[in-house]
1. Only residues that are open to solvent by 80 Å² or more (accessible area, probe 1.4 Å) and charged (D, E, K, R): list them for region 119-146, please.
2. Any idea which of (1) open to solvent by less than 70 Å² (accessible area, probe 1.4 Å); (2) at pLDDT below 95 is the one Leu102 doesn't satisfy?
3. Which of the residues that make up region 105-118 are open to solvent by 40 Å² or more (accessible area, probe 1.4 Å), touching a Pro at 6+ places or on another chain (Cβ under 7 Å) and either part of a helix (DSSP H, G or I) or touching a residue at least 12 places away in the same chain (Cβ under 8 Å) (or both)?
4. Looking at (1) open to solvent by 60 Å² or more (accessible area, probe 1.4 Å); (2) farther than 25 Å from Val128 by Cβ, which is the one condition that is false for Ala83?
5. Looking only at region 39-57, how many residues end up being open to solvent by 70 Å² or more (accessible area, probe 1.4 Å) and modelled with pLDDT of 95 or more?
6. Does region 7-24 include one or more residues that are surrounded by 15 or more Cβ atoms within 10 Å (Cβ to Cβ), outside any helix (DSSP H, G or I) and more than 11 Å from the chain's Cα centre (by Cα)?
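The values are calculated or read from the model by the stated rules, or taken from the named source; none is laboratory data. Since we're looking at a predicted model, the values are computed, not measured. Quick reminder, even Gly has a Cβ in these numbers, built from the backbone with ideal geometry, and neighbours come from all protein chains shown. Areas reflect the complete protein model, heavy atoms only, side chains present, ligands, DNA and RNA absent. Shrake-Rupley method; radii C 1.70, N 1.55, O 1.52, S 1.80 Å.
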Amino acid sequence: MAPLIALVVGSLLFRGAGWIGVDYFDTWPEALRGGLALMFLLTGVAHFHPKLRGSMIAMVPPALPAPGLLVTVTGILELAGAAGVLLPWTGRLAAVCLGLLLLAMFPANVYAARKKLMFGGKPATPLVPRTIEQVVFLMACVIAAT
């Protein structure tokens, strides 16, 4: 739920900044890029947080190799995407890449929901609400890429 809140609240705050004169956030796609940056900063840092990293490693489906390395790589990609989505010359491409990353990581969310894994001491989000969240995140990436 925290990533969704970061996306929505961040996008609204950035759009508000556009309304008061910050030219970069003068459109919804640019405001969404700001919201995506906040969301992926939050989730990217979580990949390295001691209380969450183990849960993320456990989410990696067993068919995939080197779960710890995959969590590290995806965390780095999320942080790089958070920076890239804010830069005018890379923002659109970064939004597309973040959308592709969301698609690539979705099987881990499915696995966590189906196995009822714990995430940071709480049950993983059930599959239907998590899928709806994922669609919202993907749509934000699509709009931010325009």
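1. Within region 119-146, Lys122 is the sole residue that qualifies.
2. (2)
3. Within region 105-118, Pro107, Tyr111 qualify.
4. Ala83 satisfies all of (1) open to solvent by 60 Å² or more (accessible area, probe 1.4 Å); (2) farther than 25 Å from Val128 by Cβ except (1).
5. Of the residues in that region, 5 qualify.
6. yes
So that you can scan it fast, the table gives a plain yes or no per residue for (1) more than 22 Å from Gly35 (Cα to Cα); (2) among the charged types (D, E, K, R); (3) in contact with a Phe, Trp or Tyr (Cβ under 7 Å, 6 or more places away or on another chain):
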| residue | (1), (2), (3) |
| --- | --- |
| Ala82 | no, no, yes |
| Val110 | yes, no, no |
| Pro123 | yes, no, no |
| Pro126 | yes, no, no |
| Met139 | no, no, no |
